[in-house]
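Enquirer: Have a look at this one.
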Amino acid sequence: MNDHLHSLLSLAEFKAINGVDDRDDAMSRYCLITATYSIEQYCHRRILKKKRVEYLEFTGDYGFPGYCVPLHEYPVREILAVYRSHAFKQPELVEPEFYKTVPDCADFEDVPFCLFIAPGLRMVRGRSALKIHYWAGYRTGEVPADLAAACMELAAWNMARFRGKKIGVTGAVQGKGDGGEHLEMSMPENVRLLLEPYRRRMI
């Protein structure tokens with residue numbers, strides 16, 4: 001089954017686009033999974049939909065009209081639960097009326113999200129924390145077209161290399177006696193260009 005394949009592109013789409021035979025399913029799956037993990041590593045983020053749990057300490061004061069807590073993964077699909085904890089107290093469930101996401105979960109924008117905390121929720125700097133359960137990322141089939149194209153290109157590129165077609169070999173001569181071949185970078189430039197809008201900027 002392809003339901004749980006960790007891939008930005010479905011197995012059926014990959015096979016149809018590239019004319020891959022059913023006998024190559026194992027290699028196709030491997031190339032798609034490898035391509036997806038490589039893309040997530042390059043983008044410094046998890047892209048496929050998954051349940052997340054974050055612990056965030058309250059480090060600032062409320063401004064106007066509230067306080068925003070940055071979330072690590074995006075786009076945020078759904079906030080499942082938020083708990084507030086204080087020193088030496090059991091965590092308390094926070095009612096949804098005290099928080100919302102910015103931008104709204106329904107937008108599915110591929111930009112960093114934050115959790116907006118209303119002033120009515122009492123937090124104390126250095127002694128309060130939030131535990132946030134949420135879904136973030138894209139489901140296979142809802143992945144933006146350029147991300148899916150990047151996965152297809154990279155998986156096909158790797159499959160061609162595994163089949164011995166030497167895609168990724170430049171043929172440039174480095175000096176006498178070196179055989180005249182060396183491997184290029186592990187990700188083609190056209191794939192990198194497709195991924196630029198989705199790459200997390202590291203500070």
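No value in this document is a laboratory result; all are computed from the given coordinates. Just so you know, these numbers come straight off a predicted model, no measurement behind them. Positions of Cβ are generated from backbone atoms using ideal geometry, with glycine treated the same way; all protein chains shown enter the neighbour counts.
Enquirer: Greater than 21 Å separation of Cα atoms is the criterion. Which listed pairs, Lys100/Lys131; Lys51/Lys131; Lys49/Lys131; Lys51/Lys89, meet it?
Expert: In this structure, Lys51/Lys89 exceed 21 Å between Cα atoms.
Enquirer: Hey, another quick one. In nanometres, what is the gap between the two model label sites at Ala12 and Glu92, each 7 Å from Cα along Cα-to-Cβ?
Expert: It works out to 5.0 nm between the two label points.
Enquirer: Just add up the charged neighbours of Tyr134: K/R +1, D/E -1, any other residue whose Cβ is under 14 Å from the Cβ of Tyr134.
Expert: +4
Enquirer: Now a separate question. Taking the highest mean first, how do the peptides 135-141, 28-34, 50-56 order by number of other beta carbon atoms within 10 angstrom per residue?
Expert: Order by mean packing, descending: 28-34, 135-141, 50-56.
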